[in-house]
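A short write-up of the structure that comes next.
The values are calculated or read from the model by the stated rules, or taken from the named source; none is laboratory data. Please read all numbers here as calculations on a predicted model, not as lab measurements. Note that we place each Cβ from the backbone using ideal geometry, even for glycine, and neighbour counts take in every protein chain shown. Ligands, DNA and RNA are stripped out before the accessible areas are found, and what is left, the full protein with its side chains, is counted by its heavy atoms. Shrake-Rupley method; radii C 1.70, N 1.55, O 1.52, S 1.80 Å.
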Amino acid sequence: MASNPTWCCRCVGEIRNMIKYGKTKSGAQRYICKQCRKTRVEKYIYQAYKSDMDKNIIQFTK
């Protein structure tokens, strides 16, 4: 992922809300937002979570 792991993609504003929240089974770092309590992973192993993959899936199904 190209986005900064310290910024929450759901919260509005320029406040760094993300703090470390453990690790996944595969060993990737997890983060949680202090305001909205949503979690995210620094680097996903599963390829469908990539931002450009959604566009490719829609294109291939048409």
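Can you tell me which residue in the range 11-30 is least open to solvent (accessible area, probe 1.4 Å), limited to those that are more than 19 Å from Tyr46 (Cα to Cα) and either in contact with a Phe, Trp or Tyr (Cβ under 7 Å, 6 or more places away or on another chain) or modelled with pLDDT of 85 or more (or both)?
Looking at the filtered set, the residue picked out is Met18.
What is the residue count in the range 13-32 for residues that are part of a strand (DSSP E or B) and in contact with a Ser or Thr (Cβ under 8 Å, 6 or more places away or on another chain)?
Of the residues in that region, 5 qualify.
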